[in-house]
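First up is the structure itself, then whatever we jot down about it.
Only the coordinates and a few stated rules stand behind these numbers; no lab work does. Note that the structure is predicted; figures quoted are calculated from it, not measured. Note that each Cβ is placed from the backbone with ideal geometry, even for glycine, and that neighbours are counted across all protein chains shown.
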Amino acid sequence: MYKLLTSFQRIKDIKNSGGSLYIRCASKIGRKLCKELKALNIQVDAFLDVNLDKAQYCDNIPVYLPEIIYKNSKNFFIIIAMEDNTIYKKIVQELESYGLRQCIDYCDYSVDPDVRMNTFRDIEPNLCPDELYKNIAISRLKEMREIEPSFNPQIPSSYNLIPNLDVPLTTFCSLKCKYCSHCIPFANPAQHFDADIILMDIKKLISVSYIACLAIMGGEPFVYPNLDLFLELYKKNEIDKKVGFTRIVTNGTVVPKDEVFDKFKNITNFYIYISNYGERSRKINELILKCKEFKIPFYVCPQSSEWINLGDFNYSRHYSKTELKQLFAICDARTCFQLLNGRLYSCSRLPLLNEDGLIPFCESDFCEIRKQTENLIKENLHDYMYKKEYLVGCQYCDGQHMYSDKIARGV
């Protein structure tokens with residue numbers, strides 16, 4: 001429950017336009033929040049609480065019944081300050097019954113003692129990109145060795161070290177997850193990408209960088225009609241020997257033909273990553289049996305693990321440049337690189353939104369690979385990976401960080 005981070009600019013805009021700011025619940029947490037907002041020169045106009053206890057004021061701030069505000073006010077923003085999760089959910093239902101929208105009309109405030117109101121204002125990245133990429137790459141290779149101890153790829157010294165690279169083969173998928181981090185359900189139209197062109201882009205990229213983990217992705221990669229050809233060319237070009245390891249990410253709804261499993265066996269340092277969405281992953285057991293039959297290493301993600309809610313992309317958060325830099329600094333997704341249409345993005349969500357025109361197109365948000373010479377790619381890639389302070393497309397996202405809302409997998 002930490003939407004205050006992403007709604008801060010919205011709160012300032014409402015206050016600057018003469019609107020009101022209310023805190024729902026005149027609790028100890030609410031009073032603490034009120035003081036922290038005051039320290040940031042943001043005045044709370046009133047508390048909203050059903051338990052007035054004869055007191056019309058709390059810390060010299062008026063206390064009103066919520067329905068009075070909901071019915072009679074128009075330009076306002078509400079912050080929920082409630083620790084009890086059951087009551088919090090009732091308050092959300094109350095707000096939504098009046099047509100109020102999260103991040104637009106209300107948000108919530110985390111009571112985690114480690115979270116401070118001014119996180120956005122003064123957070124600093126604790127690692128330079130150099131160390132960040134290296135640490136993540138080491139972590140990925142360690143995970144690989146836990147899945148298959150015989151794999152022991154090393155991380156060579158590289159001018160451009162890419163810890164994770166997602167390579168989508170298709171935007172067709174057998175599921176339609178509303179909160180898909182790659183925004184696949186919104187692809188219009190869905191399409192399969194040319195295997196030869198994808199491989200040319202990868203070859204260009206590995207000529208100027210080292211990729212610790214290359215993930216073959218979708219959509220759902222097992223619905224890609226030329227998967228066996230792609231794998232054959234992948235092996236023929238020895239791409240598997242030029243990266244730390246390769247994995248293919250599937251949702252457990254499709255089992256490929258045996259010819260594809262034969263191709264899997266030929267790839268060095270390879271495994272299948274199976275996302276477990278419970279009953280929705282209807283062929284997961286069949287897929288596991290097939291992996292065992294062909295002796296293909298695999299990993300099943302626990303169904304209990306959660307996704308991050310990155311928020312709707314259909315409106316701008318109006319972050320300031322400073323806030324964009326700070327959000328980018330703490331966002332885990334900035335190390336999840338993706339190669340789409342010959343362009344490298346420092347994000348897994350932004351590529352499809354940018355390429356399909358779902359948000360305003362921005363050339364500065366990617367590094368061009370396909371249309372550049374090797375020398376130019378090398379330097380441009382380095383500047384993009386190590387000097388980029390933020391992406392313009394971050395305006396349409398809540399970010400992926402320790403304060404993010406958690407949601408069930410595959411929703």
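Remarks
- Interatomic Cα distance distribution for the chain, bins of 10 angstrom, percent: 4, 20, 28, 22, 14, 8, 3, 0
- Straight-line cross-link partners of K236 among the lysines, defined as a Cα under 16 Å from its Cα and at least 8 positions apart when in the same chain: K203, K204, K263, K265.
- Annotation for region 214-281: GluC sites (Glu not before Pro) lying in DSSP loop with at most 15 further Cβ atoms inside 10 Å of their Cβ are E238.
- The chain: most fluctuating residue of V50, V63, V255 per GNM, C-alpha cutoff 10 Å: V50
- L391, L40, L358 arranged by Cβ crowding within 10 Å, fewest neighbours leading: L40, L358, L391
- Dipole of the chain, positive direction: furthest Cα of I87, I274, S157, with charges on the beta-carbon: I87
- Rounded to the nearest 20, the Cβ-based charge dipole of the chain about its Cα centre (Lys and Arg +1, Asp and Glu -1) stands at 220 debye.
- Anchor K176: lysines whose Cα lies under 20 Å away (excluding residues fewer than 8 positions away in-chain): K283, K406
- Taking trypsin sites (Lys or Arg not before Pro) as exposed when DSSP calls them loop and at most 12 other C-beta atoms lie within 10 angstrom, the chain has its longest site-free stretch at 179-256.
- Cα gyration tensor shape for region 167-320, rounded if a/c is under 1.5, else prolate or oblate: oblate
- Among F222, A26, C180 the positive-end extreme of the charge dipole of the chain (Cβ point charges): A26
- Sequence-distant contacts, meaning Cα pairs under 8 Å at least 6 residues apart, place the relative contact order of region 128-206 at 24 percent.
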